[in-house]
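Q: To start, I am sharing the structure in question, which I have written as structure tokens.
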Amino acid sequence: MPRPPCISIPFKKTAELDWVRPLRQYIARTYQEDPDAYASDCQLLQRMRQDMRGANADETGRDLIFRYYSHLESLEPRFRINEQGVKVSFLWSDAFTNESTQQHSLAFEKAGVLFNLAVAFGMHGARLFSDSSSEMELTTVHMAGIYFQVAADRFHYLNENFLHAPSLDLQQETVN
């Protein structure tokens, strides 16, 4: 007997942006170093964000989202990403209302990426749960449960650490 389908949360959408120019300007201004020495690193970050924007809810997509999020974590102690430092305009649309919000805050970018990581885990778990056949049912249902737990953990992290949500999908009542 087929399992009932699970309801999935939609991905947040985000607009393209330019990481390269603001990072190069910040490196030259703040560290007085030649930004050309870091051109490939800046391009890599730009490419990772672009890959994250097109990620699906499969293993490859989750890896792309996580990889970009990990790089954002490593940027935080090295670069001030805000209106006074590396000024990048992050534009994200609410997953439920499609209303757009724009900020220069790295925390806002990380929240959007983490939300999508949670959605990817949840969607993959829902697909496994709904598609499981009787011969591999126990293992598949177990894996789906693990993916649901990981998704719930990411949403819990957003609930605990992103307190000033500018959109409905990131508010504590939604991610809790």
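Q: Leaving out ligands, DNA and RNA but keeping every protein chain, what accessible area does residue 148 have, in Å² rounded to the nearest 10, with a 1.4 Å probe?
A: Its heavy atoms expose roughly 80 Å² to the probe.
Q: Also: Can you compute the FRET efficiency between residue 102 and residue 149 using 1/(1 + (r/R0)^6), with r the Cβ-Cβ distance and R0 = 35 Å? Round to the nearest 0.05.
A: Calculated value: 0.60.
Q: With θ taken as phi - 60° and the coefficients 6.51, -1.76 and 1.60, list the Karplus ³J(HN,Hα) couplings across region 90-97 in order, rounded to whole Hz; mark glycine and proline as x.
A: These are the phi-based 3J(HN,Hα) values: 8, 10, 10, 9, 4, 5, 9, 9 Hz.
Q: Non-local amide H neighbours of residue 96 (under 5 Å, H modeled in plane, Pro and chain starts lacking H): which ones?
A: Long-range HN contacts for residue 96: 169.
Q: To continue, here is another question. What helices does the chain have that are whole DSSP H segments, at least 20 Å long along their own axis by Cα, and with mean Kyte-Doolittle hydropathy of -0.5 or more?
A: Helix filter hits for the chain: 106-131, 137-161.
Q: Rank 18, 36, 153 by mean-square fluctuation in a GNM of the chain with C-alpha springs under 10 angstrom and give only the top-ranked residue.
A: 36
Q: Can you work out the accessible area per residue across the chain, with the rest of the protein chains kept in place, probe 1.4 Å, in square angstrom?
A: Values: 9900 Å² over 176 residues.
Spelled out: the 1.4 Å probe surface of the chain, per residue, equals 56 Å².
Q: Give me the three principal axis extents of region 52-174 from the C-alpha atoms, as integers in angstrom, largest value leading.
A: 58, 28, 25
Q: To continue, here is another question. In whole percent, and with a 1.4 Å probe on the protein chains, what portion of the accessible area of the chain is carbon and sulfur? Intermediate values should be presented prior to the final figure.
A: Working: 5100 of 9900 Å².
Answer for the chain: carbon and sulfur cover 52 percent of the accessible area.
Q: Provide 143, 48 ordered by accessible surface of protein heavy atoms (probe 1.4 Å), highest first.
A: So, going from the largest accessible area down, we get 143, 48.
The values are calculated or read from the model by the stated rules, or taken from the named source; none is laboratory data. Keep in mind the model is a prediction, meaning the values are calculated, not measured. Virtual Cβ from ideal backbone geometry, glycine too; neighbours counted across all protein chains shown. Only protein heavy atoms, including side chains, enter the accessible area calculation; ligands, DNA and RNA are left aside. Shrake-Rupley method; radii C 1.70, N 1.55, O 1.52, S 1.80 Å.
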